[in-house]
Amino acid sequence: MRGRFYRLIRDLHLYFGLFISPFVLVFAISVFFLVHSWLPRIASETSTTRIVSALPLPGDLQTLSGRPLIDALKPALEKADVRGEVGFVRHMVKEEKLIIPVTIPGRETTVSISIASREATIVTRETGLAHALVTLHKSPGQHVPDIRMNWFYMRAWRWLADATVYLTLFASVSGIYLWCALRAERSVGFILLFAGALSFFGMAYALSH
Amino acid sequence: MPLATEPTGPGESLKGPRFRAGFRRWNRKLHFYAGLFLLFFMWLFAFSGLILNHPTWSFAESWNNRKERNYEREMTVPGPEAKGDLGQAREILRQLGIEGEILWTTTRTDANLFDFQVRRPGHFFFIKADFAQKRVNVRQSDVNLWGVIKVLHTFTGVQMDDPRNSRDWALTSVWAFSMDAVAAGLIFMVLSSLYMWFELPQKRLLGAVILGLGSLICGLFCVGLRWLF
C-alpha cells in the first residue's frame, strides 16, 4: 500500500512537473527582464499604421465607462479587425476621441477613434517574444480588476497561471515527500532546507522591519 | 533502469561511462537540493502570484485595511554636499530615520518643494519636504501581512515603463538578486527534471505527450496568438 502510494506520488510529481515546465520557464525567464527592466531585442520592433472608417459606435458612449464601455466597443474593434485584451480606455472629451489600448502577448495596438467621424487610426507594434513573456507574467495582474480578462484567451491564461501555481505547490509538497523517502539524503536536505528558510525569513524580515 | 527518485546503487557507475553515471547522480541530487533550498522562496512567489491574479479576493485585501499616520518634523535643509534629488532625499530620510526604496512619482517644479515616496514591504511613506519652511510632512501607510507578501513579489526597485526609477537601497538589490537566483534555480530544476525523465525509457512516451501538450498550450500564448489574430 505504502509502495503504491509512493509510486503514485512519484508519477504525479513527474507528469505534473512535465506539464507545467514550459509555464515555469515562461515565468522564470521573464523574471530577469522584469528585475532588470531590460528586454533583449532579438528582432527589431515593427510598427504599422492604418485607418478604418464607418465604425459602429454605441449611442450611449458618453454615459459608459469601465467594463460596459469595453463591451460596447467590442463590435467597433471587431470591425477594425483588432483582437486582444482591451486595457483602460481613455475618453478625451474635448477632442471627442477614444484611445483604446489592445494587447496580445507580443503585440500592442493603439486604436484612436474620432467619435464625430467614426474613424479610427490604428497603430500596431510588434513587440516580440521577450515582451510577450513579460505581458504573460504580469497578466492579469492586480490593477483594474473590473476591466481585466475581457478577452477569452487572457481569461484562459489566468486559469493556466493559477493551475501553474497549484501544480507547483503540489510538485513542491510531493517533492518533499519523495525526498523524505531518501534516508541517505535527509541530513544534507535538512541543512539546505534550514539554510533556505533562514535566508528567506532573514531577508523578508530585514526588508519589512 | 533506476527511477528518478530512487537512490542509485553503488555498482551503477560500472555499467556505463563513469561520467554519465556521476552526472545522472548529481543531476538528481542537485534537483532536490535546489528545490529544498528554494522551497520558501518558491512558495512565496507562487502564493503571492495567485493573490495578485485575484485582486478581488477579499481575505487578502491589504490597501483598504492599511493603517495611516501623518506627522510633521522640522528638518535641516540638505546642503550642497547632498548631490541631486537622490542625495537630498537620502539626507531627508537620514534625518527622519526612514529606510527604503526611493520612488520618484512627481516632477519637481519648485526648488523649495520636494515630494517623493519611499517603499519597503509593508510600509509606504509619502514625503513632502518644504525647504523654505524647513519642515517635512510624512504620511505613512502600513499594510498587513498580505500587503507585505504582495509587495515582496514585485519589489524590484525598477519599472519597465519608467526609466527614472532605479534601485537605490541596498536591500532592494539583495532582494532583486534573490529573485534572479530563484528564477535561475527554477530553470535549472526544469532542465534537470527533463534529463531525469528522459533517462526513464518506460515513461518517455506518456511524458512526451504531457510535455508536448504543455508546450503547445504555452506556445500558443507566447507566439501563437500573434499568428492567429
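No lab work stands behind these numbers, since they all come straight from the coordinates. Fair warning: this is a prediction, and the values are worked out from it, not measured in the lab. Virtual Cβ from ideal backbone geometry, glycine too; neighbours counted across all protein chains shown.
The convex hull drawn around the Cα atoms of segment A:46-127, when projected onto a plane and averaged over every direction, covers 4.9 nm². Among the helices of chain A, those built from whole DSSP H runs whose Cα atoms reach 27 Å or more along their own axis and whose mean Kyte-Doolittle hydropathy is at least 0.5 are A:2-36, A:152-180, A:186-208. Between the amide H of A:ILE115 and those of A:LYS97, A:LEU98, distances stay under 5 Å, these residues lying 5 or more places away or on another chain, with hydrogens modeled in the peptide plane. Spread over its residues, the convex hull of the C-alpha atoms of chain A is 189 Å³ per residue.
Residue by residue along B:88-101, Cβ atoms of other protein chains within 10 Å of the local Cβ number 0 on average. Among the GluC sites (Glu not before Pro) in segment A:11-85, those located in a DSSP loop and surrounded by at most 13 other Cβ atoms within 10 Å of their own Cβ are A:GLU45. A simple spin-label model places the labels of A:ALA54 and A:ARG155 3.1 nm from each other, with each point 7 Å out along Cα-to-Cβ.
Restricting to DSSP H runs of at least four residues, report the calculated mean residue ellipticity at 222 nm for chain B, -39500 (n - 2.57) per run over all residues, nearest 500 deg cm²/dmol. Counting only the DSSP helices, I get -15500 deg cm²/dmol. Taking every DSSP bridge with both residues inside chain A, close to 100 percent are antiparallel.
From helices alone, chain A scores -18500 deg cm²/dmol at 222 nm; the rule is -39500 (n - 2.57) for each run of n ≥ 4 DSSP H residues, then divide by the residue total.
Using Cβ point charges alone (K and R +1, D and E -1), the dipole size of segment A:46-127 about the Cα centre works out to roughly 60 debye. GNM remark for chain B: springs join alpha carbons under 10 Å apart, and the peak mean-square fluctuation among B:ALA184, B:ALA129, B:ALA111 falls on B:ALA111.
Report the Cα centroid-to-centroid distance between segment B:127-196 and segment A:135-167 in angstrom, as an integer. What the calculation gives is 22 Å, centre to centre. When chain A is modelled as a GNM with alpha-carbon springs shorter than 10 Å, which of A:ALA130, A:ALA76, A:ALA181 fluctuates the most? Greatest mean-square fluctuation among the candidates belongs to A:ALA181. Averaged over the residues of peptide B:163-175, the number of Cβ atoms from other protein chains lying within 10 Å of each residue's Cβ is 2.
Two tests apply to each whole DSSP H helix in chain B, Cα reach of 15 Å or more along its axis and mean Kyte-Doolittle hydropathy of at least 1.0, and the ones passing both are B:39-53, B:170-198, B:204-219.
Shown for chain B is the translational diffusion coefficient from the Stokes-Einstein equation, using the Kirkwood radius over Cα pairs, a temperature of 10 °C and a viscosity of 1.306 mPa s: 72 µm²/s.
Per residue, the average separation of C-alpha pairs within less than 8 Å and at least 6 apart gives chain A a relative contact order of 23 percent. Its convex hull of Cα atoms gives the protein assembly as shown a direction-averaged projected area, equal to a quarter of the hull surface, of 27.3 nm².
Relative contact order of segment B:1-156, taken over Cα pairs closer than 8 Å and 6 or more residues apart, is 23 percent.
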